[in-house]
Amino acid sequence: MTTATSRLDKFLCDLGIATRREAREMIRRGRVAVDGVTVKEPDKHVEVQTARVTLDGEALVWKKNHYYMMNKPAGVLSATEDARQKTVLDLLPEQLRGLDLFCVGRLDCDTTGLLLLTDDGEFAHRVISPKFAVEKMYDASVEGVPDEADVEAFARGLELRDGTKCRPAKLEITGQSRCFVTVTEGKYHQVKRMLASRGKSVTALKRLSIGALKLPEDLPEGSVRELTEEDLCRVFMVR
């Protein structure tokens, strides 16, 4: 089996710890060692899975894929690029912009909350596909007052005005004009359309969790945090 190799500066860049320019500077200053030997040539090739690379004496572990969560603010698109409007990728720190991250599903421009970013297509498919029934929970503010009839209608599964059929979902009343909605699929504007079909227009919507992974209360809007192995497991757990 052929071992993958990478330029040393790209190796650092692919870990998301530095931009390519910053990585070259780190190397030239003698801060990086490969297998115990200081290397000052950014173009030196290393075997990404077997070489022991350190930065200031701290071991760096190569990663095949990358996984982040963002607390998405309102007013930005869940897209990789857009000629007219800011996207969530525009909010990333510069050192993460070279990782080829993309959104795992989408949140509407005015919807806030938990959004996953990755470069792992298989992971994204498992999160998004209705086949795997990963729960996504939202906090919705609405015009009108949700009631038990709405709860029962969601539990049965709704048919929207255009004939779109939605799987059974959970609606939990949390206030006079507030509710939690949990779905296991991601049809276009689904939560808003489901609530609208019950006469409850959405005035604000925030995604709180995916599976058992919750949006951290201390993650500011527009900020990102790398997912741990435990976080990744929580995505596919039941809340």
Can I get the semi-axes of the chain's equivalent ellipsoid? Compute them from the C-alpha gyration tensor as square roots of 5 times the eigenvalues, in angstrom, largest first.
43, 17, 14
I'd like the FRET efficiency for Met237 and Leu160, computed as 1/(1 + (r/R0)^6) with the beta carbon distance as r and R0 of 41 Å, rounded to 0.05.
0.90
When the label point is put 7 Å from the Cα of Arg84 along its Cα-to-beta-carbon vector, which residues of segment 96-131 have a backbone N closer than 15 Å?
109
Distance in nm between Leu208 and His125 label points, each 7 Å along Cα→Cβ, equals 3.2
Potential extension, Val145-Tyr188 segment - 0.36 nm per residue separation minus Cα distance
13.1 nm
Per the Kirkwood formula on distinct C-alpha pairs, the Rh of segment 6-145 is how many angstrom?
17.3
Just to confirm the filter: which chymotrypsin sites (Phe, Trp or Tyr not before Pro) across segment 177-239 are DSSP coil and have at most 12 other Cβ within 10 angstrom of their Cβ?
Tyr188
Using the basic label-point model (7 angstrom from Cα toward the beta carbon), what is the Asp108 to Arg178 distance in nanometres?
2.0
If each DSSP helix of 4+ residues adds -39,500 (n - 2.57) and the sum is divided by the residues in the chain, what number results at 222 nm, nearest 500 deg cm²/dmol?
-5500 deg cm²/dmol
Segment 189-239 - convex hull of alpha carbons, volume per residue in Å³
114
Going down the table (Lys64/Lys214; Lys10/Lys187; Lys136/Lys200; Lys72/Lys200; Lys72/Lys131; Lys10/Lys131), which pairs top 30 Å between alpha carbons?
Lys10/Lys187; Lys10/Lys131
Sparse-neighbour loop sites [trypsin sites (Lys or Arg not before Pro); segment 144-200; at most 10 other C-beta within 10 Å; DSSP]
Arg161
Note the direction-averaged projected area, equal to a quarter of the hull surface, for the Cα convex hull of segment 109-199, in nm².
6.3
Cα to Cα, under 19 Å, and not fewer than 8 places away if on the same chain: which aspartates and glutamates meet these conditions relative to Lys206?
Asp108, Asp110, Glu135, Asp139, Glu143, Glu172, Glu185, Glu217, Asp218, Glu221
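All of the numbers you see were taken from the coordinates with simple rules; none came from a lab. Keep in mind the model is a prediction, meaning the values are calculated, not measured. Counting neighbours? That spans all protein chains shown, and the Cβs are built from the backbone with ideal geometry, glycine included.
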